[in-house]
Structure formats: structure tokens, C-alpha cells
1. Filter the range 128-159 for residues that are free of Cβ contacts under 8 Å to residues at least 40 places away in the same chain and touching a helix residue (DSSP H, G or I) at 6+ places or on another chain (Cβ under 9 Å) and give the result.
2. Counting just the residues of the range 240-268 that are closer than 22 Å to Thr53 by Cβ and assigned to a strand (DSSP E or B), which one comes out modelled with the lowest pLDDT?
3. Restricting the search to the range 19-44, which residues are closer than 26 Å to His105 by Cα, free of Cβ contacts under 8 Å to residues at least 60 places away in the same chain and of a type outside the set (Gly, Ala, Ser)?
4. From the list Glu237, Glu230, which one is loosely packed, with under 13 Cβ neighbours inside 10 Å, acidic (Asp, Glu), not assigned by TED's automatic domain parsing to the domain that holds Leu42 and not in a loop (DSSP other than H, G, I, E, B)?
5. Taking only the range 149-193 into account, find how many residues are surrounded by fewer than 19 Cβ atoms within 10 Å (Cβ to Cβ), part of a helix (DSSP H, G or I) and of a type in the set (A, V, I, L, M).
6. Is it the case that Val17 is touching a strand residue (DSSP E or B) at 6+ places or on another chain (Cβ under 8 Å) and within 26 Å of His253 (Cβ to Cβ)?
7. Residues that are of a type in the set (A, V, I, L, M, F, W, C), out of contact with any Pro (no Cβ under 8 Å at 6 or more places or on another chain) and part of a loop (DSSP other than H, G, I, E, B): does the range 65-73 have at least one?
Amino acid sequence: MHLVDIDDLTAEELHAVLDEADRLRAAHEAGEPDRPLPDRTLAMVFEKPSTRTRVSFETGMTQLGGHAVFLGPDDIHLGHGEPLRDTARVLSRYVDFIMARVFDHADVVELAEFATVPVINGLSDDAHPCQTLGDLLTIRDRFGTLDVSVAWVGDGNNVCQSLALGAAMTDLDLTIATPEGYEIADGVRRRTLGLDSPPEETDDPEAAVADADVVYTDVWVSMGEEDEREAKLRAFEGFQMTADRLGDRPLMHCLPAHRGEEVTDEVMEGDHLAWDQAENRMHAQKGLLSWLAGQTVSA
């Protein structure tokens, strides 16, 4: 089985991954770590750099008893010099898992199509399922349940799209506030409508946060969108997360934060969940890797 997007899992499987993450974390914190992946290797393919993705996967794999191999843009050129399908086939002969952090979502889809080991989407332009796993784990940690009201304020980007699907698969009550023209993709919206709890959408950030238990924001200008910076900053006027708008609610942010843009410095230095989210990326991915090790891949 692969994890290209969060709804590759069923709701039951999603909860199983979170439960496995909890189990592994508790064992590690008790000083009795479980290492279910001895001699297993994870290939980490990076077209886009990331502090959290690299360190969380590499450290997590070590804690599971395995090993991670970093393949940066100078080490591997996806689709250049060798077809993606051949890269998938060759890596499958060497390693037990492939994690790919790429620009084009179609690239991770093709890797999964031809790999014979589990492929994990570490981020693409359409989706960030590993972030959603960490987010759901963070919410469950804080509130003891996923029956929580969350407001997303900002861009309907890859993080938002995976969260929308993850929320629709669980009890999470999600409201998405985006400026006109920056909503989640129509295809993602249709997929949420086929699930249990599709999110609400609005262009009014104040309405979105009014009844929220927690508020989530993310950068307005993602990596690779620098040429859209000025247009986006204009479009997102009025969507900044300030202390007045946030109130006493905890803030979620997948990081890195652009302080002074989507969130003020004052808010980022306050009581929020961003650091828990960052840590929980590792715990959630450990749960995912351990769970995937027991699944069958068909390619």
C-alpha cells in the first residue's frame, strides 16, 4: 500500500496509524522503545528542501531500528536522465520504503505506480498527507478527541487540501476561509463530499474563527510561488492571524512561518500548537512506517 494522499487510507486505517503512533511514542517516552523495523531502509527523495520532513523521517526511522538514506536534488534527478518508472523500480530493489518530497504531484503518483515497496508522499503541490497525520495527532493530543471545531484561515493549498480530506474522514468539524480564487481544488472538494464530514467554505475569516476551538494558518506564498508573491499579498489582505482575531484559541501552523504576513510575531510567540505539530510529524510518520510495514504493495 502507498500513501499518496490521506484518503488512500480508510477512516479505520487512519485511526490505526494514529493509534500506532501513540503506542510507539508512549514506549519511547517510557524508556522501552519498540523497534519494529530492524534492518529496514527508507529512501528519502527530496526535490524540495525541508527541515521538518528530513529530520522527522530520518530520526523516526532510526528510532524504529531502521536506516534512512537522503537523496537530494544533486543526488537524484527525478525524470531527468532516467524515467521515473525506472527510478521506482531500482529503488524498490534496494530499500523497503520510499518517501518523496516533490514539486509535481504526478511524480509521486508515478513512483507509486511502479514501485514495489510503499511510497509515501512527503509533500507535493497538491497534497501533504504526512502533515495531516501529524495535525490530527496533535488535535487528538490536545483535546482527547477529533470531535473538534477547526478554522483554516489562508490559502487553500496542499496542506489545506489534505486536511480537508482528513477532516472529512473523521469527526473533525472544519471551516475553510480563503480569498476568492484561492479555494481548495474542485476535485478535492468533490472527494470530501463523498466522505462523512465535508468542510464548510467561506471567504470571511471572522466567521470561520467565531466558533472554532483551534485556528490553523499557513504561509500565503509557498516554495516555488515566489513570482506570485505581490499578487498573493494583496489578495490575502485581511486574512492575517492577529492576537485579536485569534483570541484565547490555540494556533496551528505547519511551519515555517512568515512572521508579519499570515501571522504576527506576537501570535507566534504565544500559546500555540506549532511546536507540538512539528514533533508529532515524527511520531505520526513512525506510526505510518510501522503500519505500512504490515501492508501489501501491488504495482
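The values are calculated or read from the model by the stated rules, or taken from the named source; none is laboratory data. None of the values given here were measured: they were computed from a predicted structure. In this analysis, Cβ positions are derived from the backbone assuming ideal geometry, glycine residues included, and neighbour counts consider all displayed protein chains.
1. First, pick out the residues of the range 128-159 that are free of Cβ contacts under 8 Å to residues at least 40 places away in the same chain: 144-147, 156.
Across the range 128-159, the qualifying residues are Thr145, Leu146, Gly156.
2. So in the range 240-268, the residues closer than 22 Å to Thr53 by Cβ come out as 251-259, 261-263, 268.
Narrowing further to those that are assigned to a strand (DSSP E or B): 251-253, 259, 263.
Values: Leu251: 97, Met252: 98, His253: 97, Arg259: 94, Val263: 97.
So, considering only residues that are closer than 22 Å to Thr53 by Cβ and assigned to a strand (DSSP E or B), the one modelled with the lowest pLDDT is Arg259.
3. Once the filter is applied, which keeps residues that are closer than 26 Å to His105 by Cα, free of Cβ contacts under 8 Å to residues at least 60 places away in the same chain and of a type outside the set (Gly, Ala, Ser), the range 19-44 yields only Thr41.
4. Details: Glu237 fails: not in a loop (DSSP other than H, G, I, E, B).
Matching residue, one of Glu237, Glu230: Glu230.
5. Summing the residues that are surrounded by fewer than 19 Cβ atoms within 10 Å (Cβ to Cβ), part of a helix (DSSP H, G or I) and of a type in the set (A, V, I, L, M) in the range 149-193 gives 1.
6. On the way: touching a strand residue (DSSP E or B) at 6+ places or on another chain (Cβ under 8 Å): no; within 26 Å of His253 (Cβ to Cβ): yes.
Answer is no for this residue.
7. Taking the range 65-73 as the starting set, the residues that turn out to be of a type in the set (A, V, I, L, M, F, W, C) are 68-71.
Then keep just the ones that are out of contact with any Pro (no Cβ under 8 Å at 6 or more places or on another chain); that gives 68-71.
Among the residues that remain, those that are also part of a loop (DSSP other than H, G, I, E, B) are: none.
No, there is no match, as no residue in the range 65-73 is of a type in the set (A, V, I, L, M, F, W, C), out of contact with any Pro (no Cβ under 8 Å at 6 or more places or on another chain) and part of a loop (DSSP other than H, G, I, E, B).
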